[in-house]
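The block underneath contains the structure these notes are about, expressed in structure tokens.
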Amino acid sequence: MNLKNWKKIKLSGVKVFLRAIRKSDAPRIFELINNRKTTFFLESVDAPVTLKQEKEFIVQAEKAWKSKLKFIFAIIDQNTGQSIGCCEVGSYDATNRRASFGIWIGKPYWRHGFGFEAAVLAFQFGFETLKLNRIKYRYNLLNTRSKKLTQKIGTKFEGIERKTTLKRGKFYDSVVTSMLADEWKQKSKKIKKQILNLEK
Ligand SMILES: CC(C)(COP(=O)(O)OP(=O)(O)OC[C@H]1O[C@@H](n2cnc3c(N)ncnc32)[C@H](O)[C@@H]1OP(=O)(O)O)[C@@H](O)C(=O)NCCC(=O)NCCS
């Protein structure tokens, strides 16, 4: 996969595919992100978000793709061709071959297996395209959906960061988990198979 042609990258699963976020995603992403339940567990954004802010976010995301700092994907429903959320391989550190993972799915699309599949595709991109050695996934201690996602994908618990996120006037603890390249190698076949079984 050639990162220079990042606009052409398409990571295909069964239910969803990932491609770089682009300007035309703004109205749809704007509509989905404007939900207080969806953004409660997101660290860098909270609803209400304006369309102008969303467009600026995408401009910055495109710059980050160009400079290979951060890789923000739109998650697209294979059936409808519509964007249903975003995920990212961020904080990319090529020297130490590490990055972090983040994700959100629009509320109407929760609990359909989209999040899991998008996460698998992003981890695959991280380990197999970027050749990362480590991917970190950090989530709010209260976020049971993220906890389930990490259990399904198999990231390992590392610890708790105390009062690390300020949300709506309150500080929250975060759980830090990670996966290493060796672990991905061992698990990836089984994980990819799991996606196919979910489809049946
Ligand atoms: C966390 C989040 C990304 C999870 O995404 P999701 O698409 O709902 O997750 P999945 O559907 O893949 O998995 C969740 C559950 O749905 C189940 N599921 C999968 N396919 C299913 C199907 N066809 N029918 C019903 N349930 C299904 C999964 O088994 C899992 O169930 P479990 O609770 O029994 O384990 C999503 O809830 C979200 O965006 N939340 C708000 C933002 C957020 O918290 N982001 C993470 C910040 S770190």
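Values quoted throughout were computed directly from the atomic coordinates according to the rules given, and no laboratory measurement underlies them. In this text the structure is predicted, and so the values were computed from the model without any measurement. Please note: Cβ atoms are built from the backbone with ideal geometry, for glycine as well, and neighbour counts cover all protein chains shown.
A few remarks follow.
- Looking only at the stretch 22-56, and only at residues there that are more than 22 Å from Ser91 (Cα to Cα) and small (Gly, Ala, Ser), the one that is nearest to the ligand (Cβ to nearest atom): Ala47
- Ile75 vs. criteria among the hydrophobic types (A, V, I, L, M, F, W, C), under 22 Å from Phe114 (Cβ atoms) and touching a Gly at 6+ places or on another chain (Cβ under 9 Å): yes
- Reported count of residues in the stretch 66-78, each being surrounded by fewer than 20 Cβ atoms within 10 Å (Cβ to Cβ) and either more than 16 Å from the ligand (Cβ to nearest atom) or in contact (Cβ under 8 Å) with a residue 60 or more places away in the chain (or both), is 6.
- Pairing each residue of the stretch 44-64 that is within 18 Å of Ala20 (Cβ to Cβ) with any residue that is acidic (Asp, Glu) and part of a helix (DSSP H, G or I), provided the two are 6+ apart or on different chains, yields C-beta distances under 7 Å for Ile58/Asp25.
- Subset of the stretch 25-40 [free of Cβ contacts under 8 Å to residues at least 60 places away in the same chain and in contact with a strand residue (DSSP E or B) (Cβ under 8 Å, 6 or more places away or on another chain)]: Asp25, Arg28, Ile29
- Residue list for the stretch 103-144, restricted to those being near the ligand (Cβ under 10 Å from one of its atoms), within 22 Å of Ala26 (Cα to Cα) and surrounded by fewer than 21 Cβ atoms within 10 Å (Cβ to Cβ): Lys107, Tyr109, Trp110
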